Structure formats: structure tokens, C-alpha cells
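Colleague: Handing you a structure now.
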2 protein chains.
Amino acid sequence: MRVTTRGRYAVMAMFDLAVRRSPEPVPLKQIAEHQGLSERYLEQLMAPLRRAGLVRSVRGAQGGYTLGRLPGAISVGDILRVVEGPISPVACVANPLACARTDGCVTRGIWSRLRDRMVELLDSITLADLCQEAASEPSMVGVDDRAGSLS
Amino acid sequence: MRVTTRGRYAVMAMFDLAVRRSPEPVPLKQIAEHQGLSERYLEQLMAPLRRAGLVRSVRGAQGGYTLGRLPGAISVGDILRVVEGPISPVACVANPLACARTDGCVTRGIWSRLRDRMVELLDSITLADLCQEAASEPSMVGVDDRAGSLS
DNA sequence: TCCAATCCCTACGGGAATGCTAGGGTTTCC
DNA sequence: GGAAACCCTAGCATTCCCGTAGGGATTGGA
């Protein structure tokens with residue numbers, strides 16, 4: 001029951017882009033260094049984000065990325081869906097075809113409700129919200145965790 | 001962001017045990033057949049459940065499993081924690097040691113809030129609740145999904 | 001005009017986790 | 001004694017994760 005590094009790194013990169021408020025495109029190298037991530041790996045996450053319109057890219061020297069929409073119009077859920085696929089604790093909730101006995105399943109109801117809760121929260125948090133949080137905690141802009149997961 | 005088959009199968013098995021309300025121990029073979037699961041695989045999930053006291057086992061012929069507590073005192077969260085470990089979308093939320101910069105991390109707050117929501121819901125659903133749901137939908141007792149995940 | 005910075009695309013590969021299967025115990029009732 | 005059950009440990013095929021690598025295309029500036 002874990003968010004992979006794809007999702008976490010993508011959120012970190014998008015957040016980094018949001019706090020800068022730069023009208024000029026920001027090169028990926030800066031974002032990667034600032035957040036302590038592999039530039040090459042991050043590059044792969046930007047491709048789907050660009051295709052989804054969450055970021056805009058400018059090629060060539062002095063190029064880089066800018067947010068595709070206002071920070072208030074980009075939610076964590078948006079980002080996760082792009083780089084990790086549908087937000088769902090089990091397959092059958094997202095795709096009924098994946099389930100043999102899609103009706104008449106009690107446990108299905110659990111995962112469905114869990115999914116709803118997760119989606120509700122993740123779609124309610126925008127990059128603007130994160131920027132506001134960061135503003136009240138100045139230290140919260142830089143390098144982040146990159147470790148595994150326990151809880 | 002998925003619950004593995006360990007978690008799903010364990011919940012299915014525990015539910016199966018709860019709806020029977022049998023004072024006699026139920027052999028695993030029956031549960032496996034009823035829920036359409038591999039008996040051998042399910043066997044491995046019962047071991048930790050037994051050690052955690054969620055089920056009691058009776059060895060030998062006419063043996064099997066019974067619930068270790070009343071259905072109303074066993075939550076889905078209890079079961080998942082036993083077979084899958086701590087409920088958490090990322091490691092650093094469960095174990096601060098797993099995170100280099102545990103403070104000063106905006107994204108960490110996201111996963112922490114997500115974890116809280118998940119735990120809150122999963123701990124609020126008991127086997128008794130599932131039995132009640134099943135009672136109003138008679139078809140909801142048998143074979144369940146075993147497929148992947150999309151959403 | 002060249003060059004460096006940058007984004008872009010594809011492939012590959014090591015390591016860990018998942019989802020079982022298998023073999024061989026031990027206990028208990030009939 | 002034997003069958004039915006639980007119990008314990010290993011192993012293993014597949015998949016996924018988490019990057020690394022190589023090369024190409026585009027653009028601005030010296």
C-alpha cells in the first residue's frame with residue numbers, strides 16, 4: 001500500500017516548480033539538485049506530466065519547465081494519476097473487468113470506500129496549498145526524504 | 001498504491017470465518033474452496049493471524065480455525081497490519097528513521113494525512129459490519145475478485 | 001557557425017517484492 | 001494406524017521498481 005518514488009518525486013518536482021513562481025522556464029537540473037533527485041530519472045517523470053498538460057516545456061538552451069496551470073488548479077491527485085495511473089487500492093475498483101465476481105463481493109466495498117477517501121483527500125490538496133504550508137515553515141522547501149516505507 | 005493479495009485474501013478468509021458463526025473449528029480447505037483461493041497460500045497467511053491472536057487454530061482431524069475475538073472486535077485494519085505490516089503510503093511516515101530530512105518536508109505532510117485517513121477508515125470497519133452488509137445482500141458471501149488493479 | 005545547454009525518446013538491467021508451489025513435518029480424532 | 005488437518009521452511013517464476021545509459025533534436029549565445 002505504497003506510493004512509489006515516481007509519485008513522490010513527481011510531487012516534489014511540481015512543488016519545486018510552484019514555489020519558484022518563475023515566469024522563465026526552470027531547467028530540470030536545478031529542480032533535481034534542489035530536491036536531491038536524479039536528473040535522469042526525473043526526466044522520465046516529466047514526459048507524462050508534459051503530455052498531460054501539467055507542465056510546459058521549452059527546449060534548447062535557456063529552456064526548462066513551467067507549470068501548465070495555476071498552482072491552485074493542480075492537485076496532488078492529478079500528479080499521481082499521471083505518473084502512477086489510477087488511484088486505487090485494488091484493480092477491480094478501478095476496472096470492473098479485472099474482477100471475476102464484480103457484484104456480490106463484500107470486500108470490494110471496503111476497497112471502494114478506501115479509494116473514495118484517498119481520492120477525496122489527494123484531489124483536495126493543490127500545489128497552492130503546499131506553497132502556503134511551506135511559507136509558514138521556511139525550512140520546508142529543500143531536500144526531502146527518498147527512503148523506503150514502513151508504517 | 002495497492003493492497004496486495006495477502007491483505008485481500010486475509011480479509012476474505014476472516015470474513016468467511018465470521019459469517020459462518022460456527023462454534024466448531026472450520027478447516028482451511030472449506031474457506032479456500034468457498035472463497036476460491038489457494039489453500040496452500042492461505043495457509044501461510046493464517047500463521048501470522050494466529051500469532052496475532054486474530055484466529056485460534058485446532059490441530060489434527062476435525063481441526064480448523066475459529067475467530068480469536070468477537071467479529072465486532074476485529075477490524076479490517078487489524079487484519080491488514082498483521083499480514084502486510086504498518087498501514088502507510090510511504091516509509092518515512094511510519095518510520096522517521098527511513099527519511100533523511102524528516103522535518104522540513106512539505107510532501108511528507110501529504111502522506112501523513114493520507115495515512116491518517118486510510119487508518120481511520122480501515123480501523124472503523126469490523127468483521128461484524130461486513131457480516132451485516134452481507135446479510136442485506138445474500139449474494140455477497142461467495143467467490144470474490146482476485147485480479148490486479150487499475151484505478 | 002559552432003557549441004553548449006537543454007529537452008526528448010528508447011532501451012536495458014540489477015534488485016526486491018509478489019504470489020504462489022512444494023516438501024515434509026506434527027497433532028489429533030476415529 | 002491412518003486420514004485429516006494444521007505447521008514450518010524453502011524455493012522459484014514473474015513482475016515491478018528504480019534508476020542508468022546512450023543517443024537524438026532543438027535552441028540560444030559566443
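Colleague: Please tell me if residue A:60 is of a type outside the set (D, E, K, R) and under 19 Å from residue A:22 (Cα atoms). Give the derivation first.
Modeller: Details: of a type outside the set (D, E, K, R): yes; under 19 Å from residue A:22 (Cα atoms): yes.
Criteria met by residue A:60.
Results for (1) assigned to a loop (DSSP other than H, G, I, E, B); (2) within 19 Å of residue A:128 (Cβ to Cβ); (3) open to solvent by less than 80 Å² (accessible area, probe 1.4 Å), shown as yes or no for each residue.
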position	(1), (2), (3)
A:9	no, no, yes
A:16	no, yes, yes
A:19	no, yes, yes
A:31	no, yes, yes
A:37	yes, no, yes
A:42	no, no, yes
A:45	no, no, yes
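Colleague: Does segment A:77-96 include one or more residues that are away from DNA strand D (no atom under 16 Å from the Cβ) and in a loop (DSSP other than H, G, I, E, B)? Show your work before the answer.
Modeller: Kept after step one, since they are away from DNA strand D (no atom under 16 Å from the Cβ), are these residues of segment A:77-96: A:77-78, A:93, A:96.
From what is left, the residues that are in a loop (DSSP other than H, G, I, E, B) are none.
Looking for residues that are away from DNA strand D (no atom under 16 Å from the Cβ) and in a loop (DSSP other than H, G, I, E, B), one finds none in segment A:77-96, hence no.
Colleague: Out of all the residues in segment A:56-78, is one or more over 21 Å from residue B:11 (Cβ atoms), within 8 Å of chain B (Cβ to nearest Cβ) and either open to solvent by less than 10 Å² (accessible area, probe 1.4 Å) or at pLDDT 95 or above (or both)? Walk me through how you get there before you give the answer.
Modeller: Going through segment A:56-78, the residues over 21 Å from residue B:11 (Cβ atoms) turn out to be A:56-78.
Retained after the next criterion (residues that are within 8 Å of chain B (Cβ to nearest Cβ)): A:76.
Imposing the further condition that a residue be either open to solvent by less than 10 Å² (accessible area, probe 1.4 Å) or at pLDDT 95 or above (or both) reduces the set to A:76.
Among the residues of segment A:56-78, at least one is over 21 Å from residue B:11 (Cβ atoms), within 8 Å of chain B (Cβ to nearest Cβ) and either open to solvent by less than 10 Å² (accessible area, probe 1.4 Å) or at pLDDT 95 or above (or both), which makes the answer yes.
Colleague: Being more than 7 Å from every other protein chain (Cβ to nearest Cβ) and modelled with pLDDT of 90 or more is the filter here, so list the residues in segment A:123-147 that pass it.
Modeller: Result: A:123, A:124, A:126, A:127, A:128, A:129, A:131, A:132.
Colleague: May I pose another question? Given the condition under 21 Å from residue A:5 (Cα atoms), in contact (Cβ under 8 Å) with a residue 60 or more places away in the chain, more than 9 Å from DNA strand D (Cβ to nearest atom) and not hydroxyl-bearing (Ser, Thr, Tyr), answer yes or no: does some residue in segment A:38-51 qualify? Before you say what the answer is, go through the steps one by one.
Modeller: Initial filter on segment A:38-51 (under 21 Å from residue A:5 (Cα atoms)): A:38-51.
Retained after the next criterion (residues that are in contact (Cβ under 8 Å) with a residue 60 or more places away in the chain): none.
No, every residue in segment A:38-51 fails to be under 21 Å from residue A:5 (Cα atoms), in contact (Cβ under 8 Å) with a residue 60 or more places away in the chain, more than 9 Å from DNA strand D (Cβ to nearest atom) and not hydroxyl-bearing (Ser, Thr, Tyr).
The values are calculated or read from the model by the stated rules, or taken from the named source; none is laboratory data. Remember, it's a predicted structure, so these values are computed and weren't measured experimentally. Methodologically, a virtual Cβ is constructed for each residue, glycine included, from the backbone with ideal geometry; neighbour enumeration extends over all protein chains shown. Quick note on the areas: whole protein, heavy atoms, side chains included, nothing else; ligands and nucleic acids left out. Shrake-Rupley method; radii C 1.70, N 1.55, O 1.52, S 1.80 Å.
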